[in-house]
Ligand SMILES: *Cc1c(COP(=O)(O)O)cnc(C)c1O
């Protein structure tokens, strides 16, 4: 661990790539067990041009954040759920599962050895990016003979520079993110490239992201780019149920548990776009976005505006409750924020 502080202006941080010092890496042959990895300097990888991941997209990623609490502790948020979700993704993609203890040990080591890149309290987070992919060479469409598990970190700024700004979204009638029986329910790397062009078009038209509807009925809300969707009508909270096409977000699960503990009724159900458009409040939730209030949704000729573009009361209450725990300011009765020491 180095003491020297990197030359970085913590107030200029955005959600973008910055190279840090160290990374965790290990490999595993198909049919064998993972052996514990090593920490090494951050560096480029050397891969066969026939590596499974670059030819057929066999790989997945995870995303989590470490924060510095006011009392000096470095805390994570429910990292065991990322470990378990990655194992599920490995099973779906025919890759060997990284054991939970190894996953967590890699995350801890990586945070510790990049601790000088962890922003001061309240000024950002150290984003943690675990990757598991087929690094062995293979020509036929089949699982690769060798896999790599690596973890790197990047300092990122708060998602909301000027506080909580409600975002404008557009419903896509043209594109879908995932279909039943596909890989939408895991963080497969191949799920993300097809969303780039639609998302870029929406941004060029002034929207923050697009809302995807289900691929069968074109009627039920699935997700907002890479975040989960919530809406609130008559004090009742609705979020799309997990059907295999929706990514089971850890922020989503935490919002559901937190809302129920605050006394709200939460329905995990099919959320008709008509209900979403007719709601009192709406927001999306994910590790990068935390909770982003939605100010308006455009669907064809219709535009729904929520709370006159202001942040709704229940959205604000959930945001305060969740960020209190995430940032280590509030009590954590659930035990969601283990320390890195
Ligand atoms: C990662 C991700 C989310 C959010 O999951 P979190 O665990 O809350 O970060 C939602 N949707 C998609 C498509 C994602 O990739």
For the chain, averaging the sequence separation of alpha carbon pairs under 8 Å that lie six or more residues apart and dividing by its residue count, the contact order in percent is 19 percent
Listed residues 223, 241, 125; largest mean-square fluctuation, Gaussian network over the chain with Cα springs below 10 Å, found at 241
With Rh as the Kirkwood radius over Cα pairs, segment 122-192 has Rg/Rh of 1.09
Out of 244, 59, 134, a Gaussian network model of the chain with alpha-carbon springs under 10 Å gives the largest mean-square fluctuation to 244
Residue span residue 142 to residue 16: 0.36 nm per residue of separation minus Cα-Cα distance leaves a gain in nm of 42.0 nm
Between residue 205 and residue 32, Cβ-based FRET efficiency (R0 56 Å, step 0.05) works out to 0.70
Measuring from the longest principal axis of the C-alpha atoms of the chain, the long axis of helix 79-92 (C-alpha) lies at a number of degrees, nearest 10, equal to 80 degrees
Stretched fully, the stretch from residue 269 through residue 100 gains (0.36 nm per residue minus C-alpha distance, one decimal, in nm) 57.8 nm
With Cα coordinates, the longest principal axis of the chain makes an angle with the long axis of helix 250-261, in degrees rounded to 10, of 50 degrees
Expressed to two decimals, segment 27-77 has a Cα Rg over Rh, using the Kirkwood radius, of 1.10
For segment 167-326, the convex hull over Cα atoms projects on average to an area in nm² of 8.7 nm²
Rounded to two decimals, the Debye log10 I(q)/I(0) of the chain (Cα scatterers, no solvent) at q = 0.07, 0.09, 0.11 Å⁻¹ is -0.30, -0.50, -0.75
Largest fluctuation, 220, 229, 42 only, Gaussian network model of the chain with Cα springs under 10 angstrom, belongs to 42
P(r) of segment 2-156 over all Cα-Cα pairs, 10 Å bins starting at 0, rounded to whole percent, reads 11, 39, 32, 15, 3, 0
Taking 0.36 nm per residue of separation between residue 341 and residue 179 and subtracting their Cα-Cα distance, the length gained on full extension comes to 54.1 nm
Rounded to the nearest 10 degrees, the helix 313-326 long axis (Cα) sits at an angle to the longest Cα principal axis of the chain of 20 degrees
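No lab work stands behind these numbers, since they all come straight from the coordinates. Model, not experiment: these values are computed from the prediction. Counting neighbours? That spans all protein chains shown, and the Cβs are built from the backbone with ideal geometry, glycine included.
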